[in-house]
């Protein structure tokens, strides 16, 4: 038998693990980005993608666990053969599935992604535990756990490389070929790793006691992995719903999740212990905001939620590391971790959108984290032997009274305008009292629950009790009445999507972004003057149906809406623009770009593009190919009205590039209405083949001038290549809006 290599080849195995993990997490945002043009830009696309990735990761870890029981030479031979066979599925791309029926997106998206990248993802996901197991077989290798930290470092590098390097520099097809080249490199590294272990004895079965952990231990491993995974996805939902859906924001929570493993599984335990000691303070202070459901704008809530995720992930993963088995049980341990991660993803991405009317999974996961957090010795003052029982009892009673009083004062401060500073001070004081109660976990949880309730939770519960909210795959919708103003509003996430007057005499008055001074208002209110014959009018994005308030007899209206839940709000009478102002309007349910491609060319005289998911951008509606679809559906002298109002993205340069590329003409109408309680500031762009049409629009509103478009972006957005990053309005994250 050939003698084993002289050394454990640590550098080779680290390189193999780093490369595999880099590729594994490079393909995640790449494939989700590939899928966006088919899926309407929904923020939940990333969560669906993550669910698929976690399921494939679980399958890969199970494969590594089972494979590790075979003799080493058979392991390497079988593994390399499967890797080579999977080459047939490259380069990376999406399979051709028919569009999903409305309401089935939550199942269709995972199926699309699993069929597209399943084989290669499955095999690459197995390489980290398998390479660690091979590495540990060498008698001089030592403990392999630090290699898991290296694995997550490679994963983090892959995540960051995609939005910062690959997406801005390469079109999607080139990205797929680049990833395929990396896959070939990984295949070579695995072959070298197998050669480095050639000649070692066959893998011996570990003792049964080491192979099969106790049921309680196994359940704890799974729970410690599931909670951070679920919390990572619930944090992602917040970021992408209320800001915008793009890989840069997808990778922030996942990147923090991965970095937590680097800290938690490091041989140096100091950083992990330090972060774990602060985790309780983070949960009690930041976690108290987990039930806020409105008014959470700006950078501070984003930083707070991301910070909470970091502390929870490090603390729970560090506890997981402390409970690790001997190296012989490595693959089983990672299998349990992967199962926990998949269950956390299943709960957040699949079960929660179907079961809850709001993002209840987020506070539930914060509570679960508090149940699992270790108690640092520094906080366990109740166990000190030099404190008399009576003194402990008095201190406990005083802390409970203080917590109740602070919760009451905090509720009052949050209920009154202008007491934000007092609310912050009281919240910090309540968190410190909760910290002192950590030795009694149930009491600390009580303080956490009280903080959640008085900082928005009571209102959130009331909204659910009153049936104000509806949830679908595309987000959370809240319908709220304001009797004094005689208005009803629709919010998606925390972004206002429209209002309707509850005054019967004004029910067809378009409000918010659609007032008489808006670009859409000017065009649609004068549709009969622009088109003397029977005007054919299309609207992409129903919302409350405000634009239908401009409908007049003799016109033909069509509305394209991707989310049946939004349509149901009109069907059920919560908003009556559709039934009361344009009862004959045709409703087309499905992705508007796909549906518009099917209409007869030259159908519409006026076409409005007004489809946003909260403030996130449905990117596939702003590409060169998308404008080709719109112009095909538009009559030769038709006018396309595009709504580009956004808090976080300057869409005008990209839109100007699309206009220039097709030789079109455009003008911008910026509306700043005096009465913000009725109408909202908006930016609409009128686009047409005939420049005379723009002159006609200008004459219809002489006191409200249109202006030319800004300088076009240097690079045209296409389905194959588009990057939002250069057009982010970073100042608005600070609340400068």
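Laboratory data are not the source of any read-out in this text; all were calculated from the coordinates shown. A quick note: this is a predicted structure, and the numbers were derived from the prediction, not measured. A quick note on method: Cβ atoms are made from the backbone with ideal geometry, for glycine too, and the neighbour counts reach across all protein chains shown.
Observations on the model:
- Report summary: the helix-based calculation at 222 nm, which adds -39500 (n - 2.57) for every DSSP H run with n ≥ 4 and divides by the residues of the chain, gives -17000 deg cm²/dmol.
- Region 29-188 - percent relative contact order, Cα under 8 Å, separation 6 or more: 33 percent
- Relative contact order (%) - criterion: Cα under 8 Å, at least six apart; region: the chain: 14 percent
- The distance between label points at residue 192 and residue 587 comes to 6.1 nm (points 7 Å beyond Cα on the Cα→Cβ vector).
- Note on 13, 393: ascending count of other Cβ atoms within 10 Å places them as 393, 13, the fewest first.
- Euclidean distance of C-alpha centroids, region 650-697 and region 81-113, integer Å: 38 Å
- Spin-label model, residue 96/residue 600: points 7 Å from Cα along the beta carbon direction are separated by 2.8 nm.
- Label point at residue 703 placed 7 Å out along Cα→Cβ; residues across region 647-685 whose backbone nitrogen lies under 14 Å: 672-675
- Relative to the longest principal axis of the Cα atoms of the chain, helix 389-415 runs at roughly 20 degrees.
- Dimensionless Rg ratio for region 378-465, taking C-alpha atoms and the 2.2 N^0.38 Å reference: 1.23
- Taking the centroid of alpha carbons for each part, region 157-203 and region 492-568 are 50 Å apart.
- Size descriptors for region 1-202 (Cα atoms only): Rg and Dmax, in that order, 17.9, 62 Å.
- Principal axis extents of the C-alpha atoms in region 258-373 (largest first, rounded to whole Å): 50, 32, 22.
- Inter-label distance for residue 692 and residue 422, nm, one decimal - labels placed 7 Å from Cα along Cα-to-Cβ: 6.6 nm
- Computed packing ranks the peptides 642-648, 192-198 as 642-648, 192-198, most packed first, by mean other Cβ atoms within 10 Å.
- Relative contact order computed over region 505-734 (Cα-Cα under 8 Å; 6+ residues apart), in percent: 22 percent
- When Rg and the Kirkwood radius Rh are both evaluated on Cα atoms of region 623-737, their ratio Rg/Rh stands at 0.98.
- Antiparallel DSSP beta bridges within the chain, as percent of all bridges there, nearest 5: 60 percent
- Degrees, to the nearest 10: 146-161 long Cα axis against longest axis of the chain: 20 degrees
- Least to most buried among 514, 321 (fewest other Cβ within 10 Å first): 321, 514
- For region 487-594, the fraction of C-alpha pairs farther apart than 16 angstrom is 57 percent.
- Fully extending the segment from residue 632 to residue 66, taken as 0.36 nm per residue of separation minus the present Cα-Cα distance, adds 198.2 nm.
- Packing-based order for 217-226, 455-464, 539-548, using average beta carbon neighbours within 10 Å, highest first: 539-548, 217-226, 455-464
- Share, in percent, of DSSP beta bridges within region 529-624 that are antiparallel, nearest 5: 5 percent
- Using the Cβ-Cβ distance between residue 552 and residue 74 with R0 = 45 Å, the FRET efficiency computed as 1/(1 + (r/R0)^6) comes to roughly 0.05.
- Panel values: the chain, Kirkwood radius from alpha carbon pairs, Stokes-Einstein at 10 °C and 1.306 mPa s, translational diffusion coefficient 57 µm²/s.
- Relative to the longest principal axis of the Cα atoms of the chain, the long axis of helix 330-346 makes an angle of roughly 20 degrees.
- For region 505-734, the gyration tensor built on C-alpha atoms gives a rounded shape. Its axis ratio a/c (a ≥ b ≥ c) stays under 1.5.
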